[in-house]
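One structure below.
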Amino acid sequence: MTTQAEDHSSDRPVVRLRPKGEARAIRHGFPWVYADELVIDRRTKAMAPGTFATLEDAERRPLATVTVNPLSKIICRVMDRDATAQIDRAWLVGKLSHALALRERLFDQPFYRLIHAESDGLPGTIIDRFGDVAVIQPNAAWADAMVDDMTSALAEVTGVTTIVKNASGRARALEGLGDVMEVLLGGIDAPVPVRMNGATYMADVMGGQKTGLFYDQRPNHAFAASLSRGARVLDVFSHVGGFGLAALANGAQSALAVDGSAAALALAEQGAQAMGATDRFSTRKGDAFATLEALAGEGAQFDVVICDPPAFAPAKPALQAGLRAYERVARLAAPLVAPGGYLVLCSCSHAADLGQFRASSTRGIGKAGRAAQLLHTGFAGADHPMLPQLAETGYLKSLAFRLD
């Protein structure tokens, strides 16, 4: 019996792996095909970015439904292991509903990452939820082309009333896509207050970094906050006050937030005000490295120091420079930690694995003349699930040390 999906798939193009292409990896769940693994003829080169196709192995056996982008080094992304799947609005509803079921089990309030790209079956797509507001980052060509269907399906599944498209950054450039920021549904004219770990954060979904808030650090905020009762806390690369405000919510004596963005620090101050903690919160705008050096020159000491920098090694070519930067952060931060205090260091660079990041951090602490115990290793929260076959989805690392 022929199904509707089979009828549909027979009309779409076929792309084929080279004889030495990674068919086994695709069968075992790897979600990408690189350009040098695919037979690329004139027909394939002429496909519009985001075209859906049937992927076959070298023996012409169907492997999966994929989306093709001839402009990208990741020329195919697996959409569905079913080679006859129909990628339409109903398919999106199914994926979103499956993802929502997990988040509703994890959280009692609607503040979380709803879609974590390949890990949730929507390749190259990020969706963060802020109550009745959602932000879509369509970082793959297929998602950009289907953003209207995605908006409609998202509103149906979640009930959100405002949806923002935040389409900017390195990932889109690699797909040949431009930068766009627009409201797709509803309207918004102010930051959204988000309660998390007892703190209040102000998420600027239209003008902030990424989607406006970094949900991935939620469990690491909580662990650092558990070390911060009665403590003097320094939060470096603070963005909107992620670690510092969580520490204040857990009874920190004071928190100083350091960031290069005046807008981010203003949002952090709004969060502290919403918590009634302005008397214990202060900010300092400046380059993080220069500020760490300046604080040392001032003889400043803190009981807890947290450094959560941007990705110093976003890709393999930047790995060695990134590892040196992580070492430098540790070397400059360690002298600011009072004896018996705590140093929390983070990396969101998927190119630097946990072992490399840990080695760079401990080397920096050692060069600062401090001895350390490693107390805790943290990762992204469960609303950022990892696809086991794709290391890039497990990018976040957090190390908590106790210094002598």
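The values are calculated or read from the model by the stated rules, or taken from the named source; none is laboratory data. Quick caveat: nothing in here was measured; it's all calculated off a predicted structure. Cβ placement follows ideal geometry from the backbone for every residue including glycine, while neighbour counts extend to all protein chains displayed.
Here are the numbers:
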| quantity | calculated |
| --- | --- |
| Residue in region 295-312 that is surrounded by fewer than 21 Cβ atoms within 10 Å (Cβ to Cβ), assigned to a helix (DSSP H, G or I) and in contact with a Pro (Cβ under 9 Å, 6 or more places away or on another chain) present | yes |
| Filter pass, D216 being charged (D, E, K, R), closer than 16 Å to P309 by Cβ and at pLDDT 95 or above | yes |
| Of all residues in region 277-294 being surrounded by fewer than 19 Cβ atoms within 10 Å (Cβ to Cβ) and among the hydroxyl-bearing types (S, T, Y), the one that is nearest to the chain's Cα centre (by Cα) | S282 |
| Which listed residue is touching a residue at least 12 places away in the same chain (Cβ under 8 Å), under 27 Å from the mean Cα position of the chain (by Cα), surrounded by fewer than 24 Cβ atoms within 10 Å (Cβ to Cβ) and in a helix (DSSP H, G or I), from A247, A274, A225, A266 | A274 |
| Residues of region 35-65 classified as more than 18 Å from L177 (Cβ to Cβ) and touching a residue at least 40 places away in the same chain (Cβ under 8 Å), total | 9 |
| Number of the condition not met by D383 [criteria: (1) touching a strand residue (DSSP E or B) at 6+ places or on another chain (Cβ under 8 Å); (2) crowded, with 18+ Cβ neighbours inside 10 Å; (3) under 28 Å from L336 (Cα atoms)] | (3) |
| Members of region 7-17 found to be surrounded by 13 or more Cβ atoms within 10 Å (Cβ to Cβ) and at pLDDT below 95, listed by number | H8, S9, R12 |
| Single residue of P339, P335, P317 found to be over 23 Å from the mean Cα position of the chain (by Cα) and in a helix (DSSP H, G or I) | P335 |
| Residue within region 170-182 that is within 24 Å of W91 (Cβ to Cβ) and in a helix (DSSP H, G or I) present | yes |
| Matching option when the condition is of a type in the set (A, V, I, L, M, F, W, C), assigned by TED's automatic domain parsing to the domain that holds G340 and more than 23 Å from V329 (Cα to Cα), among A268, A274, A262 | A274 |
| Selection count where residues are touching a helix residue (DSSP H, G or I) at 6+ places or on another chain (Cβ under 9 Å), surrounded by fewer than 22 Cβ atoms within 10 Å (Cβ to Cβ) and free of Cβ contacts under 8 Å to residues at least 60 places away in the same chain, scope region 95-120 | 4 |
